[in-house]
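Remarks on the structure that follows.
The values are calculated or read from the model by the stated rules, or taken from the named source; none is laboratory data. The shown structure was predicted, so the numbers you read here are calculated from the model rather than taken from an experiment. Cβ placement follows ideal geometry from the backbone for every residue including glycine, while neighbour counts extend to all protein chains displayed. Just so you know, the surface numbers come from the protein's heavy atoms only, side chains and all, with ligands and any DNA or RNA stripped out. Shrake-Rupley method; radii C 1.70, N 1.55, O 1.52, S 1.80 Å.
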There are 2 protein chains.
Amino acid sequence: METQINIIENPSLESIKDLLKRPLEDPGFLDNAIRDIFLAVKRKGDKALIDFTKTFDGVELKSLKIEESEIEESGNKVDKSLQEAIAVAAVNIRRFHSSQVSETVKCEISEGITCWQKAVPIQRVGLYIPGGSAPLFSSVLMLAIPANIAGCKEIVMFTPPGKDGTIDPALLFAAKISGVKNIYTVGGAQAVAAMAFGTESIKPVDKIFGPGNQFVTAAKQEVQKYGVAIDMPAGPSELMVMADEIAIPEFVASDMLSQAEHGPDSQVVMLTNNKDIAKKTIDAINNQLKDLSRKDIVKESLKSCKVIFFSDIKEMIVAANEYAPEHLIIAMKDKNKIAESVLNAGSVFLGNYTPESAGDYATGTNHTLPTNGAAKAYSGVNIDSFVKKITFQEVTKEGIMQIGKTIELMAEAEQLTAHKNAVSIRLKQ
Amino acid sequence: METQINIIENPSLESIKDLLKRPLEDPGFLDNAIRDIFLAVKRKGDKALIDFTKTFDGVELKSLKIEESEIEESGNKVDKSLQEAIAVAAVNIRRFHSSQVSETVKCEISEGITCWQKAVPIQRVGLYIPGGSAPLFSSVLMLAIPANIAGCKEIVMFTPPGKDGTIDPALLFAAKISGVKNIYTVGGAQAVAAMAFGTESIKPVDKIFGPGNQFVTAAKQEVQKYGVAIDMPAGPSELMVMADEIAIPEFVASDMLSQAEHGPDSQVVMLTNNKDIAKKTIDAINNQLKDLSRKDIVKESLKSCKVIFFSDIKEMIVAANEYAPEHLIIAMKDKNKIAESVLNAGSVFLGNYTPESAGDYATGTNHTLPTNGAAKAYSGVNIDSFVKKITFQEVTKEGIMQIGKTIELMAEAEQLTAHKNAVSIRLKQ
């Protein structure tokens, strides 16, 4: 049976918001479950992790931590061709993220006042890699490589064990070439709790990264209240394609399907000013769909798929910025000009030969990206995600003579006498 | 009566953590109150804001928004000397934050693959400025100036009205010279709700900035669950001073007192390798305390003040990094060397003539900084806080031929056939 996708024509700017509304989730419904797990991990430490892994993953762990030798030798169990592919991707990811490293520049504010901002690595970071049907080794590369470039001192990784209690060798291999040595076979909210609060065998981390199911997501939201930072809020994956007459329908269809296979809640939207391309893309979707292994997931996801026709390209751009997609493909003649007007998006793919899956794996950009409209305010994971910028200032005796009066006046007006006094006492000297 | 501050000598590295533990707050205790306020604002919009302002601030608002003319004419009610001081501070803040603007650099990953990262302003930002005993106009400068440099399109400001329903002219003046035109006289969790969800007269924002009381802080934590970003978690203000024999006890005392006057829960810690300096500083604190206007707050805050002596400077550094202070003064001979080993801090002040209050107002660095140990993972507010970095990639036909196989292999190993297919279909062409 074919998937029925209708073309929506020229929606008003007002209705775009409703049309592109993501399914609403009640952010609070998991709170109690999460808090119970947190409490157990805080109280019982490692034992709680072992108990939860038995309950949720059906696995009796002998040890929480993977032996380093197992990571070292993981290559023996991974096809040479896949090893090479992972290595190529790693080089590209390393290259692009290295280009994001910023220099410290001292800024002479005025005579005797020098300020600078220095990027200092976050010392301890925790990376969560989800389990499930397939080993997401690409996420290991995307998180661990920038963590290493940034200079994070301790990198720990958490991932749920497979049904037989082991971790996929490809995942361990990706960890190996990304320089990760501490891997724990724990998943879910209990993994987040272990990273946030620590246990007798695990040191707490300063920031937690990585995708996960709704428990992991809710737990990451919750730990922020305890002062632990997270990379970004997470939601179902999304793709928006902007296409005009130069787009190749078979390509667009393949990109939309690649997004749809992520999960039944994946969001796929096409905006176009060309009805013929829209129709051909829908046909191509139905055509290509037949041969996919994850057909059922794709069909479920496509139920919420939208194809929207706009006569006016300007309105297409407004719609894209309003939606703030995680992934945005621009398969249009003026792709570079259109790219300039992108205000909200996670990662942008330009032209007919830049499929989303290229960025998912190997162009070098990060695939950990803001979903659910978070691209309006959040960046995807990048080098900055693994550092904090500390400001420094040095004022000389001459400097304080110059700026002193300004500070005194402002402190006095804010009724902060002791603030004023800290300057006055220096001016008097 | 004198304030009793004892010197703690050479605590073990283990006990430092306990010694420097901040008072624990139950992050959940306000949740229900906050949710009720959110619900009311979502349901009743502007009317809820007016009702809450009557209940919590005791003010009957005629209008939620300040007339632009009132902002324009605010200078008439502010002393010329204060106007000038604010203008000088604004210039320095503008200078330092402008130096943080980064250029987009295109990165040639390999032949046919180009990636770049572009800083794009967050379109709509909301700035919260607390009310209370004094008008914190300096916070207006610290938030609105970088927002403007970053290019944020809409900047709205919320601040609770004074008892007479008006806003302090100095605050309006600071808004004026920072380019803020939309100011609402609403405070508390209801202001956060209005910024996050919008009302019939207020457009929702993408990110919320600024300090506030525990209601504002809890509300900011909560809105993150609804996809609204915030600058950082907030807690009581903190100062740590590292001092050796070159430190001037009167100066150190004045800095510690300036921190203590913020509130009874302010944290003040001194680390030193010189007992004489420690004793003289404690004497100077008691001496200077007498003349302060906020004596009672200071005395209350000093109850938790710690002065810790270390024979070994290395241990001082470990203690400082473990504490991760919001403000760190280094009044030591080797200040620049010590500064190099700072791993966790919000803002650092070097030498005897760089009091914390200089950075609070006028050196140009931002005073919106991570507290409560958040400096381990969070930066203070800077230009990056007002932008997101969007990644772009362009792969040519030749580029996909080169990288295609790599992507296919990885996608296949992750069992994502449609991801693979998006590349295969292009390679076939």
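Measuring from centroid to centroid over Cα atoms, what is the spacing of region A:379-429 and region B:102-143 in Å?
A separation of 22 Å, based on Cα centres.
Quick one: how many Å² of A:Arg95 are accessible to a 1.4 Å probe, rounded to 10?
Result for A:Arg95: roughly 110 Å² accessible.
Stretched out fully, how many nm does the piece from B:Lys163 to B:Ala87 gain, at 0.36 nm a residue minus the Cα gap?
The B:Lys163-B:Ala87 span can extend by a further 24.6 nm.
List, in the order given, every pair from A:Lys17/B:Lys62; A:Lys44/A:Lys153; A:Lys299/B:Lys118; B:Lys62/B:Lys181; A:Lys118/B:Lys275; A:Lys306/A:Lys376 whose Cα-Cα distance in the structure shown is over 25 Å.
A:Lys17/B:Lys62; A:Lys44/A:Lys153; A:Lys299/B:Lys118; A:Lys118/B:Lys275
Please give the per residue accessible area of the protein assembly as shown, computed with a probe of 1.4 Å over protein heavy atoms only, in Å².
Computed with neighbouring chains in place, this is 38 Å² per residue.
Connecting C-alpha atoms closer than 10 Å in a GNM of chain B, tell me which of B:Ser258, B:Ser304, B:Ser99 has the biggest fluctuation.
In this elastic network of chain B, the residue with the biggest mean-square fluctuation among B:Ser258, B:Ser304, B:Ser99 is B:Ser99.
If one computes P(r) from the Cα atoms of region B:131-214, what percent of pairs lie at distances over 23 Å?
Every Cα pair in region B:131-214 considered, those over 23 Å come to 16 percent.
May I ask for the accessible area buried between chains B and A, both sides summed, probe 1.4 Å, to the nearest 100 Å²?
So the total buried area for this chain pair works out to about 10700 Å².
Using the structure shown, list the pairs from A:Lys295/B:Lys405; B:Lys106/B:Lys337; B:Lys47/B:Lys207; B:Lys280/B:Lys337; A:Lys163/A:Lys303; A:Lys295/B:Lys42 with a Cα-Cα distance above 30 Å, or answer none.
B:Lys106/B:Lys337; A:Lys163/A:Lys303; A:Lys295/B:Lys42
How big is the gap, in Å, between the Cα center of region B:1-74 and the Cα center of region A:225-247?
31 Å
Find every distance from the label point of B:Asp334 to the corresponding label point in the other copies (7 Å from Cα along Cα→Cβ) and write them in nm, one decimal, shortest first.
6.1
How big, in percent, is the set of alpha carbon pairs in region A:60-167 lying more than 23 Å apart?
45 percent
For the charge dipole of chain A, defined by +1 on Lys and Arg C-beta atoms and -1 on Asp and Glu C-beta atoms about the Cα centroid, which residue among A:Ser341, A:Val223, A:Ile407 has the Cα displaced farthest towards the positive pole?
Of the listed residues, the answer is A:Ile407.
Where the centre of each part is set by its Cα atoms, how far does region A:319-367 sit from region B:147-202, in angstrom?
Comparing the Cα centres of region A:319-367 and region B:147-202, I get a distance of 34 Å.
Label-to-label distances across copies for B:Gly263, with labels 7 Å out along Cα→Cβ, in nm, shortest first?
3.7
Starting from the eigenvalues of the Cα gyration tensor, five times each then square-rooted, give me the equivalent ellipsoid semi-axes of region B:236-366, largest first, whole Å.
They are 21, 17, 14 Å, listed largest first.
Can you sort B:Glu70, B:Glu108 by solvent-accessible area, 1.4 Å probe, largest first?
Largest accessible area first, the list is B:Glu108, B:Glu70.
Below 9 angstrom from the Cβ of A:Ile313, what's the summed charge of the other residues (Lys, Arg +1; Asp, Glu -1)?
Result for the neighbourhood of A:Ile313: -3.
Report relative contact order for chain B in percent, whole number only (criteria: Cα-Cα under 8 Å, sequence separation at least 6).
With pairs under 8 Å counted, the relative contact order is 20 percent.
Sort A:161-171, B:401-411, B:234-244 by packing, meaning the average of other beta carbons within 10 Å per residue, with the highest value first.
B:234-244, B:401-411, A:161-171
Please report the carbon-and-sulfur percent of the accessible area for region B:300-350; probe 1.4 Å, protein heavy atoms only, DNA, RNA and ligands left out.
51 percent
How big is the protein assembly as shown along each principal axis, measuring the range of its Cα positions in Å and listing the largest first?
That works out to 85, 64, 48 Å along the principal axes.
Once you place label points 7 Å from the Cα toward the Cβ at B:Ser201 and B:Lys65, how far apart are they in nm?
0.8 nm
Work out the mean other chain Cβ neighbour count within 10 Å for the residues of A:113-126 and drop it here as an integer.
Rounded to a whole number, the mean comes out at 5.
For chain B, build the convex hull from the C-alpha positions and give me its volume per residue in Å³.
Cα convex hull per residue, to the nearest whole number: 197 Å³.
Per-residue Cβ counts within 10 Å, from other chains only, averaged over B:81-92: what number is that?
That works out to 4 on average.
Taking the Cβ of B:Thr371 as the center, what net charge do the other residues with Cβ under 10 Å away carry, scoring Lys and Arg +1 and Asp and Glu -1?
-1
Can you list the copy-to-copy distances for B:Glu68, using a point 7 angstrom from Cα toward Cβ, in nanometres, shortest first?
6.5
Mean shadow of region A:212-259, computed from the convex hull of its alpha carbons, in nm²?
For region A:212-259, the mean projected area of the Cα convex hull comes to 4.5 nm².
Please give the calculated 222 nm ellipticity per residue for chain B, where each DSSP H segment of at least 4 residues contributes -39500 (n - 2.57) and the sum is spread over every residue; nearest 500 deg cm²/dmol?
Only helices count here, giving -13000 deg cm²/dmol.
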